[in-house]
Amino acid sequence: MTTLNGQLEGSSGGYDQHSIELSFDNRLKTDPDVTTIVPFSRRSTSNDAGSFTLEIPDNVDPIGAIQIAVFNPTGARLLRQTRNAIPPANQVLQLNVQPSTPFTLDEHPDPFLNAPEKFFGHLIPKSGSATVVGRQVVLFGKRKLESGATDPIETVLGLTQSATNGYFSMPYPRVFLASARVEVSGNTDTAAGVITLIEDGRLPTEVRLIVNIPVDSPDTPKPNGPPRAPEQEDLTNASEVFTADPAVGKCVRLNAPNRTLEEYQYFTIVRTTDPFILGQRPNPPVRPPRGLACRPVAS
């Protein structure tokens, strides 16, 4: 194995991840009387100072010119040289080339910023009594401005009403927040509604709030039937809301269910190639010989 030491010259630094490739046509003998010409190449990566090393096997037999090329980290070729022979091992291969200026990627804005999102939660009564039914739930939040400061004005992000088991869900705009809290009607423990944000000031997908609602607090009107347009999480977390039996005190009409969930099937056909339709021409009809067609028919 022959080791070639090289150096990229032209600048004092900036050659990190630059590639050097040496290639030529190699004469390969597979049999004593058979010679095959195959392409041969070796590639190495330089450090920031421009130093690199190429390992060349001893049994290579180059034919023709030796190609030496330098590529930047993106793959663009910066230099190409042609030599008559492989440089000797005791000589430093010097290539005069300027390093490529590295590019930087700007921070891409969040494509889902201000997009509609769903917020889920569950109210758990501290006293254990059934006081979480039909409670008004308001989601408040202070936005995080582009400058990094906190918006001094607290904004209402969502409003909904709890179900029979205290479960609730509401749509809200997906924004960066500095703080967020949930206010539940009748709850005397205001600290229980403070929400711990996740990374980048996002709301968690679901929260569980332990609330203290006295039994003698003003009752909030109960929800009017099942919520409209439920999602899979709604059906899973509050299944009893959608399975209530309205036929109280009378026979259940099985042919008139309380709620119907319809199923839709969607199909997408993707054609990856243009169709080639081979035209077909029908064969001409078989005609009888002329003499046979003109022969009179005996009656």
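Laboratory data are not the source of any read-out in this text; all were calculated from the coordinates shown. Values in this document were obtained by computation on a predicted structure and should not be read as measured data. For neighbour counting, all protein chains shown are included, and Cβ atoms are generated from backbone atoms with ideal geometry for every residue, glycine included.
Observations on the model:
- Between region 25-46 and region 90-133, the Cα center-to-center distance that results, in Å: 48 Å
- Reachable aspartates and glutamates from Lys118, criterion Cα separation under 12 angstrom, eight or more residues apart if same chain: Glu206, Glu231, Glu233, Asp234
- Distance in nm between pseudo-label sites at Asn5 and Gln265 (7 Å out along the Cβ direction from Cα): 7.3 nm
- Protection proxy ranking for 159-166, 145-152, 6-13, using the average of other Cβ atoms within 10 Å per residue and placing the highest first: 159-166, 6-13, 145-152.
- Label-point gap, in nm, between Asn47 and Glu233 - each point 7 angstrom along Cα→Cβ: 5.2 nm
- Shape analysis of region 1-150 based on the Cα gyration tensor places the equivalent ellipsoid semi-axes at 64, 23, 13 Å, largest first.
- Here the label points at Asp110 and Gln81, each 7 Å from Cα along the C-beta direction, are separated by 5.2 nm in the simple model.
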